[in-house]
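Peer 1: Sending over a structure as structure tokens; questions will come in a sec.
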Protein chains: 2
Amino acid sequence: MSFLKEISPLVKNYFQSGKDGLSRRAAQITAEIQQGERRNYNEVLDLSSGDLHRGGIKPITFVRQVLAACLYPALLEDDSLPLDVKQRAESLLRECDGGSVGSYTESSGIPKIKHCLSQFITRRDGGVPCSPDNIFIMSGSKTALRIMLKLLIRSEDSCQTGVLIPVPTYPTFTLMLEEEEAAIIPYHLCEEQGWTLQMEELHRALQAGRKICNPVALYICNPGNPTGHLQSRKSIEEVIRFAAEERLFILADEVYQSCVYGDDTEFYSYKKVLSEMDSTISSTVELASFNTASKGFMGEKCPPVVGQIALDLMADPPKPGDPSFPTFSEEVQSINNTIRKNTGRIQEVFAELPGISCHPLKAGLFVFPCLHFPPKAIKWAKKRQMEPDMLYCLHLLEETGLHVRPGCKYGQRKDSHHIRLFVGTQENIMEDALQRLKTFHMRFMKEFS
Amino acid sequence: MSFLKEISPLVKNYFQSGKDGLSRRAAQITAEIQQGERRNYNEVLDLSSGDLHRGGIKPITFVRQVLAACLYPALLEDDSLPLDVKQRAESLLRECDGGSVGSYTESSGIPKIKHCLSQFITRRDGGVPCSPDNIFIMSGSKTALRIMLKLLIRSEDSCQTGVLIPVPTYPTFTLMLEEEEAAIIPYHLCEEQGWTLQMEELHRALQAGRKICNPVALYICNPGNPTGHLQSRKSIEEVIRFAAEERLFILADEVYQSCVYGDDTEFYSYKKVLSEMDSTISSTVELASFNTASKGFMGEKCPPVVGQIALDLMADPPKPGDPSFPTFSEEVQSINNTIRKNTGRIQEVFAELPGISCHPLKAGLFVFPCLHFPPKAIKWAKKRQMEPDMLYCLHLLEETGLHVRPGCKYGQRKDSHHIRLFVGTQENIMEDALQRLKTFHMRFMKEFS
């Protein structure tokens, strides 16, 4: 039996989009050649997707040096790296928790990097200001586009949400719209005029769309993929006026903005043009624009590959006899010892404290002790219309600066209360945390007993 | 006016999940302390989320050395790196197109790394075989979980798709289920028994769930977050039997599998236990299990951060006077020159060829020439029930090994036909591609004229 036999056709389309018959055949031919089959050519030459580094274009040295130094800060002592590379890496590492690029960051991105991006956008737009608060860093521009679609598309509406998209356009965006159950409203670019966007066509498409759905957004790809067309400032102004009149949200996909050739051509961002238009327009039209480090001269599609390599190293670590083995096993052992010691200390401290109990930790990286609050404490929380463990955590934070999460966030049996503590810290940090917890907990239990 | 005023409440919940009142207050207190406010403590101590490196645990040297060498292969010449690090980096780089981690990979991951992971799983499971074909590498286990949910949840059904999930569990998974419009069927873990999973409770939850939805999947988190509980082999067998009887797909979240403490404890994977059960069960129960490099001793949440750093470098590249500036500007200039030369050559070659026309490339990384097929060629394609440009691309690939994409994948006006060519390659590669295209195109046009 197979429960997955009838998977959603939308998902099926999406999975199949990566490999159509052509790509599958290309992979087959490559395999056949490797197995010795003789053809008129020695290898498949792939110009089907936009991959600079596969096409033999070398990565930018500066970028790779800084990334390498951030990943392995011992390189900061290395004389072979230029001074500005080291300074940049040091300044970026200062913004990472624990000085490690392996830490979590704020979900919209590291503040210093958002600030740097805002200055880049301001320079790009000839001084038009850009606030870091309006910048959201995601894993690639497609993730960002998908999130914007989720914000714009209302599945509750009886009428389907519509998005205007150019023809031609790259297929993954069309599939994403289908998957999010948006209605696709195509507008045709004019090939005779060098793939320009024609206003009459936009109007026609919108009227046609209004008959079948509720159009809320206009998607633009500038510079164009696959057309290689670049919009003029005048054309952008016309599009913005159209969006204002028709109350459409503009999704400006500008990921190829650094790829502009020809001496008489200049890239204008939708943000710049919009902000320099009449205030009745600039203050009303809503715009999300998209850029990335994956396209353009950087061509760094690297984040997922670096993650893949990390998986390889997890799956196949150094073995006894390998030069790296002693350090590796020492480090892993040390982490395990630290966590064992931490969990031991947690048990010791909890055993001394009234009203808190915890099962010995067997696995994972968290303990989830139960708090037995005095009735007074529960009353006090109810009065404030809060879960008792949330109120406990808020006061623990306020009074001691220790930040842990309340059990109510994870679900728990009615009238039971918990906190969740992370155990993967240095021992001195855990000791500090336990002292803070102890002090607060004693005072709290005394106050409400 | 704001079109986003009434965003979907599901999306709102999801965005707010990252920062609840507690986390916001923690950030505020940190800011207040930085601005000089005095408190009983000097800094907020955060044990709320599972971030090893923030907690002062040092990254594993071997992992960081290999990643640094992959990103900046000049380090392979560096005497300071151990030999096994260099060998590993070299062997991984051989699997990356163009020898660069900045290239695309197959969408399920680099084959060699999938092979390495399959061997890791086989070793972990004491020899139970694991096929690389069943491994899908994603950007984190949450992405993989979401894709499994998309496969399992059928929005067309009149009855909501239900998923059994433990209480307590971490909140982002619950929100993901809400967002994907699945019904949540909670089963309570038994705190009195050390947070074990009780079969009676699973049965109770399923019966209750059947009254409100169509339960299709059972989500297990082992080792548990936040409970730190580890399932015994016997408990896993019971759960699998239950899933077999009730026809439930098992989603086994095993991301903390490397974090197991205590001498009498051992991690058993669902995969191993399932494969060692009676064949009536092992051949029918469907299982997806999840692991990651982000949890456990590796603690590498790095991919998005490396991407963020790349953005910083894109936004603020070396300036004149910086030691890296000469190399940087030379490299960027060289890429731009190459692309200009390539597009120039493309124009030259196309000008000579019959039945192909292309606008001068202004921007982006693709050209999208129009193919004017002879009527005979169109008839021939129709007979094969294919788009003429798809058939052209398939034959171009077959005869010359040149892989480009047909316009029908991007949308085009009825009866117009195109191909899309990537222009960001080394000049000799582009010349090779143009010669292959020319040879094929001449033959093709002659054959069908």
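Peer 1: Gap in Å between the Cα centre of the range A:77-94 and the Cα centre of the range A:363-415?
Peer 2: Taking the Cα centre of each part, the range A:363-415 and the range A:77-94 sit 44 Å apart.
Peer 1: Another question, then. So what's the gap between the Cα centers of the range A:310-361 and the range B:312-327, to the nearest angstrom?
Peer 2: After rounding, the separation between the Cα centres reads 41 Å.
Peer 1: Tell me what chain B gives for mean residue ellipticity at 222 nm when only DSSP H runs of n ≥ 4 count, each as -39,500 (n - 2.57), the sum divided by the residue total, rounded to 500 deg cm²/dmol.
Peer 2: -14000 deg cm²/dmol
Peer 1: Something else about it: Pick out, from B:F422, B:Q28, B:Q207, the residue whose Cα sits farthest towards the positive end of the charge dipole of chain B, with +1 on the Cβ of Lys and Arg and -1 on the Cβ of Asp and Glu.
Peer 2: B:F422
Peer 1: What does the copy distance list look like for B:P186, label position 7 Å along Cα→Cβ, in nm and ordered from shortest?
Peer 2: 4.8
Peer 1: Placing the label point 7 Å from Cα along the Cα-to-Cβ direction, what are the distances from B:R247 to the equivalent spots in the other copies, shortest first, in nm to one decimal?
Peer 2: 4.7
Peer 1: For B:R405, enumerate residues with amide H under 5 Å from its amide H, sequence gap 5+ or separate chain, H modeled in the peptide plane.
Peer 2: Hits under the 5 Å cutoff: B:R420.
Peer 1: Now for a separate question. With contacts defined as alpha carbon pairs under 8 Å and 6 or more residues apart, what's the relative contact order of chain A in percent?
Peer 2: Reported as a whole number, the value is 9 percent.
Peer 1: Taking every DSSP beta bridge with both residues inside the range A:122-268, roughly what % is antiparallel (nearest 5)?
Peer 2: Approximately 5 percent, going by the DSSP bridge assignments.
Peer 1: For A:K295, go through the lysines and keep the ones whose alpha-carbon is under 22 Å away, minus same-chain ones fewer than eight residues off.
Peer 2: A:K19, A:K58, A:K114, A:K142, A:K271, A:K272, B:K319, B:K341, B:K362, B:K409
Peer 1: Please enumerate, by chain and number, the aspartates and glutamates with C-alpha under 17 Å from the C-alpha of B:K414, excluding those fewer than 8 residues away in the same chain.
Peer 2: Leaving aside aspartates and glutamates fewer than 8 places away in the same chain, those within reach of B:K414 are A:E191, A:E192, A:E201, B:E387, B:D389.
Peer 1: Determine ³J(HN,Hα), in whole Hz, for all residues of the range A:251-268 in sequence, where each value follows from phi through the Karplus function 6.51 cos²θ - 1.76 cosθ + 1.60 and θ = phi - 60°; x replaces Gly and Pro.
Peer 2: Computed from phi, the couplings for the range A:251-268 are 9, 9, 7, 10, 5, 9, 4, 8, 9, 10, 10, x, 7, 9, 10, 9, 7, 10 Hz.
Peer 1: Indicate, rounded to the nearest 5 percent, the antiparallel portion of the DSSP beta bridges found entirely in the protein assembly as shown.
Peer 2: Expressed as a percentage, antiparallel bridges in the protein assembly as shown total about 30.
Peer 1: Which stretch or stretches of the range B:306-341 have amide N atoms under 15 Å from the point lying 7 Å from A:S91's Cα along the Cα→Cβ direction?
Peer 2: Output list for this probe position: B:309-325.
Peer 1: What's the magnitude of the charge dipole for the protein assembly as shown around its Cα centre, counting Lys and Arg as +1 and Asp and Glu as -1 at the beta-carbon? Answer in Debye, nearest 20.
Peer 2: 1460 debye
Peer 1: Here's something else I'd like to know. If you place +1 on the Cβ of every Lys and Arg, -1 on the Cβ of every Asp and Glu, and leave all else neutral, what size is the dipole of chain B about its Cα centre, to the nearest 20 Debye?
Peer 2: 1680 debye
Peer 1: I would also like to ask the following. Pick out the long, greasy-scoring helices in chain A: whole DSSP H runs spanning 18 Å or more along their own axis by Cα, mean Kyte-Doolittle at least 0.5.
Peer 2: A:302-315
Peer 1: Which of these, A:S141, A:S334, A:S131, has the largest mean-square fluctuation under a Gaussian network model of chain A (Cα springs below 10 Å)?
Peer 2: Fluctuation is largest for A:S334.
Peer 1: Taking 8 Å as the Cα distance limit and 6 or more residues as the minimum spacing, I'd like the relative contact order of the range A:292-449 as a percentage.
Peer 2: Worked out over the range A:292-449, it gives 23 percent.
Peer 1: Mind putting a number on the dipole of the range A:327-448 about its Cα centre? Charges go on the C-beta only, +1 for Lys and Arg and -1 for Asp and Glu, and I need it in Debye to the nearest 20.
Peer 2: Dipole about the Cα centre, nearest 20: 700 debye.
Peer 1: Between A:A27 and B:E77, with labels modelled 7 Å along Cα→Cβ, what's the label distance in nm to one decimal, could you check?
Peer 2: 3.7 nm
Peer 1: Okay, next question. Distance between Cα centroids, the range A:227-275 to the range B:421-449: provide it in whole Å.
Peer 2: One Cα centre to the other: 32 Å.
Peer 1: Pull up all non-local amide H partners of A:I185: gap of 5 or more, or a different chain, and H-to-H distance under 5 Å with H placed in the peptide plane.
Peer 2: Placed amide hydrogens put A:V163, A:L164, A:I165 under 5 Å from A:I185.
Peer 1: Taking a label point 7 Å from Cα toward Cβ, how far is A:G21 from its twins in the other copies, in nm, shortest first?
Peer 2: Values, ascending and in nm: 6.0.
Peer 1: When N is the residue count of the range B:326-448, what does its C-alpha Rg come to as a fraction of 2.2 N^0.38 Å?
Peer 2: 1.13
Peer 1: Calculated FRET efficiency, B:S334 and A:E238, Cβ-Cβ r, R0 41 Å, to nearest 0.05?
Peer 2: The formula returns an efficiency of 0.65 here.
Peer 1: Can you say what percent of the DSSP beta bridges in chain B, counting only those with both residues inside, are antiparallel? Round to 5.
Peer 2: 30 percent
Peer 1: Any idea how far apart B:Q207 and A:S283 come out in nm if each label point goes 7 Å out from Cα toward Cβ?
Peer 2: 6.4 nm
Peer 1: So for the protein assembly as shown, taking the charge dipole from beta-carbon charges (+1 Lys/Arg, -1 Asp/Glu), which of A:S235, B:P320, A:L75 sits furthest toward the positive end?
Peer 2: With unit charges placed on the Cβ atoms, the residue in question is A:S235.
Peer 1: While we're on this one: Taking only Cα atoms and a 10 Å spring cutoff, compute GNM fluctuations for chain A and point out the largest among A:K150, A:K438, A:K112.
Peer 2: Fluctuation is largest for A:K438.
FYI, it's all coordinate maths here, none of it is from the lab. Treat the numbers as computed from the prediction; the structure is a model and nothing was measured. As a convention, Cβ positions derive from the backbone with ideal geometry for all residues, glycine included, and neighbour counts pool all protein chains shown.
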